[in-house]
């Protein structure tokens, strides 16, 4: 940890009760990082492994409960076949190689998305990793794989429709809680903080329902260069926000 990171970390430790419970990250910019260095796109994804380690370690250091990483989107399937195949191989290898270290650090793992669309060999390694890490208590790491926010909403709507048709649910019982329970993230709290790297100002079909009141923090840093310092900067900025969840601040509306 650098001196600046250590300074931020110590300041954040003093605000422990106010820290976010759940942080979600859109890991963007790996391809551009590689292109600027004259490297193949997959080199950027491979280098991004260091950023994943930094994000996990930073969350562990601050006792953050949940970290969700946008790992592979539904739209990513449209990329060139060679890149997709390379990403799948990289995912398998990374899970197999990082599993023991995650276990030592008390990390549990879950997955959200259309897991059935993943290759059989990848699904096998994913499930093995989930099983291997099931006793982790310090941090819940969630990988969004073959994930799309709109697809998740459709999936939840279909689940509600099936329950109504089967008589397990009445239409007048459908509310936000019932809908949320049928999302892929049903067991997780909504993210308090959403981080996006590479400077792009959009949410890219990620957790559309869940981030309704999340605080957003965007950095121009490409994902492969993301380190604990950036995570601590995002959380520091988060702590300076006035989270009102659509309500007026005490004392009435603010003047502009």
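Read-outs throughout are calculated quantities, based only on the coordinates presented, and are distinct from any laboratory measurement. Computed from a predicted model, the values in this text were never measured in an experiment. Ideal geometry is used to build each Cβ from the backbone, glycine not excepted, and the neighbour counts take in all protein chains shown.
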Grab the alpha carbons of region 40-97, take their convex hull, and tell me the volume per residue in Å³. 87
Along each of its three principal axes, how wide is the spread of alpha-carbon positions in region 151-236, in whole angstrom units, largest first? 51, 22, 17
Helix-only mean residue ellipticity at 222 nm for the chain, each DSSP H run of n ≥ 4 adding -39500 (n - 2.57), per residue, nearest 500: -14000 deg cm²/dmol
From the C-alpha gyration tensor of region 107-256, square roots of 5λ in Å: 29, 25, 14
Ordering 162-168, 16-22 by per-residue average of other C-beta atoms within 10 angstrom, highest first, gives 16-22, 162-168
Take every Cα pair under 8 Å in the chain that's 6+ residues apart, average their separations, divide by the length, and report that relative contact order as a whole percent. 29
So if R0 is 25 Å, what FRET efficiency would residue 83 and residue 114 give, r being the distance between their Cβ atoms, rounded to the nearest 0.05? 0.85
